[in-house]
Amino acid sequence: MSMAKQQQGFTLIELVVVIVILGILAATALPRFVNLQTDAKVASVQGLAGGLRGAVGLVQAKWQVQGGSGVSQVNMAGSVTVDVGSTTGYPLGTQNGIGNAMTDCTTGAGACQGATASFGGPSTFQPSGGNGSCEARYDATSGSVTAVTTGC
């Protein structure tokens, strides 16, 4: 009767090969998960831009209902008054214009739907951690909204 030696467990080489394969998989998968913060900022800017477009559309529709040309303030729900261009109906690029259209936004960090608002030409809305290359911009002269996401 011959005594055959039975293998028990894995050899050192097999364990090293498995560890190397897991390391390669982790190195290729990790950058996909690290990029989620950038994706979240881009989505935040696009959400802000969508909210701005909706607010501009609602204010302009209300401007039409209130008489259109010549009307310089629009009364919205909740006793909120929005300053608008009297010939276009677009909210002005001020706190009392687009700021009020976006539900009483004020200047400062987190003051406008969790974003930092800055009023002027154009008015800008930056998510937390945003900058001039990661923001939603509102142009009161044309009523246009642009999502800038190149630097998110």
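Within region 30-43, the set of residues being surrounded by 10 or more Cβ atoms within 10 Å (Cβ to Cβ) and either free of Cβ contacts under 8 Å to residues at least 40 places away in the same chain or farther than 18 Å from residue 148 by Cα (or both) comprises 30, 35, 37, 39, 40, 43. Which of the residues belonging to region 126-143 are part of a strand (DSSP E or B), more than 11 Å from the chain's Cα centre (by Cα) and farther than 14 Å from residue 55 by Cα? Within region 126-143, no residue meets the criteria.
Within region 109-122, residues that are of a type in the set (Phe, Trp, Tyr) reach partners that are modelled with pLDDT under 80 and outside any strand (DSSP E or B) with beta carbons closer than 9 Å, at six or more positions or on different chains, in the pairs 119/105; 119/107.
Residues checked against (1) closer than 14 Å to residue 143 by Cβ; (2) under 20 Å from the mean Cα position of the chain (by Cα):
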{"position": "42", "(1), (2)": "no, yes"}
{"position": "50", "(1), (2)": "no, yes"}
{"position": "56", "(1), (2)": "yes, yes"}
{"position": "61", "(1), (2)": "yes, no"}
{"position": "66", "(1), (2)": "no, no"}
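As a summary of the residue check, residue 88 satisfies the conditions (1) surrounded by fewer than 17 Cβ atoms within 10 Å (Cβ to Cβ); (2) over 21 Å from residue 63 (Cα atoms) except for the one numbered (2). The residues of region 1-55 that are modelled with pLDDT of 90 or more and basic (Lys, Arg) amount to a single one, 53.
The values are calculated or read from the model by the stated rules, or taken from the named source; none is laboratory data. The shown structure was predicted, so the numbers you read here are calculated from the model rather than taken from an experiment. We place every Cβ from the backbone using ideal geometry, glycine too, and count neighbours over all the protein chains shown.
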